[in-house]
Amino acid sequence: MSNAVTARSCFRGIIHCHSQYSYDSVTRVSTYLKIAQRHGLDFVILTDHDTIAGSRALKAAAALRLPHLQVPIAAEYHTDEGDVIAAFIDGEVRARKFTEFVTEVRDKNGLLLMPHPYVGHRAPEKVAAACDLVEVLNCRTRAAQNSQARELARSLGKRGYAGADAHFARSICSAVIEVENLGSLRSSILAGSPRWESAQIASRWEFGASQLIKAWKRRDAALALRMLRRAADSKP
């Protein structure tokens, strides 16, 4: 990524991250503000699982404490075809059948982004074809799956982006992207060409820790036991 791009000609920020409003994260909204200020971010697309509550809370907090920070209303929803991100929406998306989900997001003038195509999707090609952008690098996904995602985006002629998929503060800026300023953040992400420096792949413990948080929040003892056994088995 060229360092010649300046803040006046591009937007710099992150797409795909989670906060305390997700079932597998405890990262506070205030942490996002601190990190956005520290790293000079122009936008944060916070994509909590199945709820826009996190992005709404971050947007309200940013308006008071960091007014230049753009926070589109967004969430990562679990549909019958797998996870899909809806961004720049004006309210919660209720549909979970994929075809109906796409229609509802379009009715809300939202953008559709496909996260980690080869993790948790029944038919990646079908989902990607209906989305505006495809996540070609996910910091919590194996290299082979990211390579498949890049090829998928290329074959469909879709723009790609990098997603930190952050669940912890240390990973929020694992994949900072820049996109040329085409007048608005929405139009820039839709029609621009996101660029990013080498992303930092999340450590193994982060996935396990997020699953333990999920087990704790959902009171799922079986999941907690599985994760603890997996951690024990992975010790040298």
> Within the stretch 139-164, can you find the residues that are in a helix (DSSP H, G or I) and over 23 Å from ARG12 (Cβ atoms)?
Replying inline: ALA143, ALA144, GLN145, SER147, GLN148, GLU151, LEU152, ARG154, SER155, LEU156
> Restricting attention to the stretch 76-91, and to residues there that are touching a helix residue (DSSP H, G or I) at 6+ places or on another chain (Cβ under 7 Å) and small (Gly, Ala, Ser), which single residue is surrounded by the fewest Cβ atoms within 10 Å (Cβ to Cβ)?
Replying inline: GLY82
>> Given the condition touching a strand residue (DSSP E or B) at 6+ places or on another chain (Cβ under 6 Å) and within 14 Å of ASP50 (Cβ to Cβ), answer yes or no: does some residue in the stretch 122-131 qualify?
In response: no
>> Out of everything in the stretch 138-166 that is closer than 24 Å to ILE213 by Cβ and among the aliphatic types (A, V, I, L, M), what residue ends up being surrounded by the most Cβ atoms within 10 Å (Cβ to Cβ)?
In response: ALA166
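Which residues, taken from the stretch 64-121, are basic (Lys, Arg) and either under 23 Å from LEU41 (Cβ atoms) or assigned to a strand (DSSP E or B) (or both)? Steps first, please.
Here is the first cut: in the stretch 64-121, the residues basic (Lys, Arg) are 65, 94, 96-97, 106, 108.
The answer is ARG65, and nothing else.
Here is a list: ALA221, ALA169, ALA191, ALA175. Which entry is buried (at least 17 other Cβ atoms within 10 Å of the Cβ) and of a type in the set (A, V, I, L, M)?
Working: ALA221 fails: buried (at least 17 other Cβ atoms within 10 Å of the Cβ); ALA169 fails: buried (at least 17 other Cβ atoms within 10 Å of the Cβ); ALA191 fails: buried (at least 17 other Cβ atoms within 10 Å of the Cβ).
Being buried (at least 17 other Cβ atoms within 10 Å of the Cβ) and of a type in the set (A, V, I, L, M) holds for just one of ALA221, ALA169, ALA191, ALA175, which is ALA175.
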>> Quick check on SER30: is it surrounded by fewer than 16 Cβ atoms within 10 Å (Cβ to Cβ), among the polar types (S, T, N, Q) and at pLDDT below 95?
In response: no
>> Can you tell me which of (1) assigned by TED's automatic domain parsing to the domain that holds ASP24; (2) touching a residue at least 12 places away in the same chain (Cβ under 8 Å) is the one LEU212 doesn't meet?
In response: (1)
> If you scan the stretch 41-83, which residues turn out to be of a type outside the set (A, V, I, L, M), under 15 Å from the mean Cα position of the chain (by Cα) and farther than 18 Å from GLY163 by Cα?
Replying inline: THR51
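The values are calculated or read from the model by the stated rules, or taken from the named source; none is laboratory data. Keep in mind that this is a model prediction, so the values were computed, not measured. Cβ: placed from backbone, ideal geometry, glycine included. Neighbour counts: every protein chain shown.
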